[in-house]
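Just below is one structure, and these are the notes that go with it.
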């Protein structure tokens, strides 16, 4: 199996698919695809059939770009809809020479999964914080070390069974298998944040279409996650309702002319937009649109700051705030507006890789990179030349037998050749 992974970001407005690999320690994006999704509301799947169609469309685009065929994927779950449980696992090192192996690491992580959780919840992922060998803590990778007792302190990601099963069901109905479900902040942070920021303390704000994920990292670990039910679509809806224009026109205006602060409007231009009643055109002042957006953005920033303060970590964010996602990124003056509102360092983050250098791909490419760093891979076949390594054992034998039957018996011909001379 090659070191290739496929990932899905199932969001409230779109589905993003990414195929990526790590080649010579370099993360390479092989293919991406996006498709509009109407089956997800506020980060929760409410229409499986619509979600399936969006998944299929996004996957098809990524396959076409990469000339690969996706059979399995890693997908995401919204951070705010999951709970982080801290637990500890302890085992005795099994080898006679007491050298810790990867099998010991797997066993101690499995031991950390033994915890009482509500009946309607399930563990979707486990994230080791540190390993402890014979009382010595702060160890990130104990493999190769010598010890008698191995412990792990880990964060267990627990989510609603219904939410998880609907995600799995949607992926499976798209003719794909689920390799694993990764909490979205862990994936996004892998590609948007650097290690120093996560060590010092940083808030990752992922603004989507209908929700905003707020996550706090400290000492390299995820300490807090929360979701608020506002996003970029709220700005679009405000423009649509107040100006009495279609959502499509409102979205175009937001992206092309929108500003984060009404003070940025120097010339009050007039836009002519088709009237909803279809009786002509409607004149809109850019200053009026700017005031609508200013009000909603101010509310969003207030809600974000309120959650950060409620976490008790706001004053400890030495590395400040990193904003990603497509909800606010394209609005002119947004970064300056945020810098004026928050009294700590702030920047915009997005994947710095060819093909996905846009915050829209932060989650899908981040999930792919996170999986690859964990040495987790997907079943992705090369369409042009499927090698036997691209198949599982059963399929390998079938292909081997099929190829044997289809070609002439070479060995018999060799025997006949030598029989003629000897």
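The values are calculated or read from the model by the stated rules, or taken from the named source; none is laboratory data. These numbers were taken from a predicted model, which means no experiment stands behind them. Cβ placement follows ideal geometry from the backbone for every residue including glycine, while neighbour counts extend to all protein chains displayed.
Quick look at the numbers
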{"quantity": "Lone unmet requirement of (1) surrounded by 17 or more Cβ atoms within 10 Å (Cβ to Cβ); (2) assigned to a strand (DSSP E or B) for residue 111", "calculated": "(2)"}
{"quantity": "Residues of the stretch 1-40 satisfying the condition of being more than 19 Å from residue 178 (Cα to Cα) and out of contact with any strand residue (DSSP E or B) (no Cβ under 8 Å at 6 or more places or on another chain)", "calculated": "23, 24, 25, 26, 38"}
{"quantity": "Residue within the stretch 289-308 that is assigned to a loop (DSSP other than H, G, I, E, B) and either within 24 Å of the chain's Cα centre (by Cα) or closer than 27 Å to residue 365 by Cβ (or both) present", "calculated": "no"}
{"quantity": "Residue within the stretch 58-76 that is touching a helix residue (DSSP H, G or I) at 6+ places or on another chain (Cβ under 6 Å), assigned to a helix (DSSP H, G or I) and surrounded by 17 or more Cβ atoms within 10 Å (Cβ to Cβ) present", "calculated": "no"}
{"quantity": "Subset of the stretch 234-266 [farther than 19 Å from residue 337 by Cβ and not in a loop (DSSP other than H, G, I, E, B)]", "calculated": "237, 240, 241, 242, 243, 247, 248, 249, 250, 251, 252"}
{"quantity": "Yes/no for residue 126 being crowded, with 17+ Cβ neighbours inside 10 Å, at pLDDT 95 or above and closer than 24 Å to residue 199 by Cα", "calculated": "no"}
{"quantity": "Strands (runs of 3 or more DSSP E) contained entirely in the stretch 3-56, each with at least 1 residues that are modelled with pLDDT under 95 and surrounded by fewer than 21 Cβ atoms within 10 Å (Cβ to Cβ)", "calculated": "14-23, 26-36"}
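Conditions tested, residue by residue: (1) in contact (Cβ under 8 Å) with a residue 12 or more places away in the chain; (2) within 24 Å of the chain's Cα centre (by Cα).
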position: 99; (1), (2): yes, no
position: 127; (1), (2): yes, yes
position: 136; (1), (2): no, no
position: 159; (1), (2): yes, yes
position: 166; (1), (2): yes, yes
position: 169; (1), (2): yes, yes
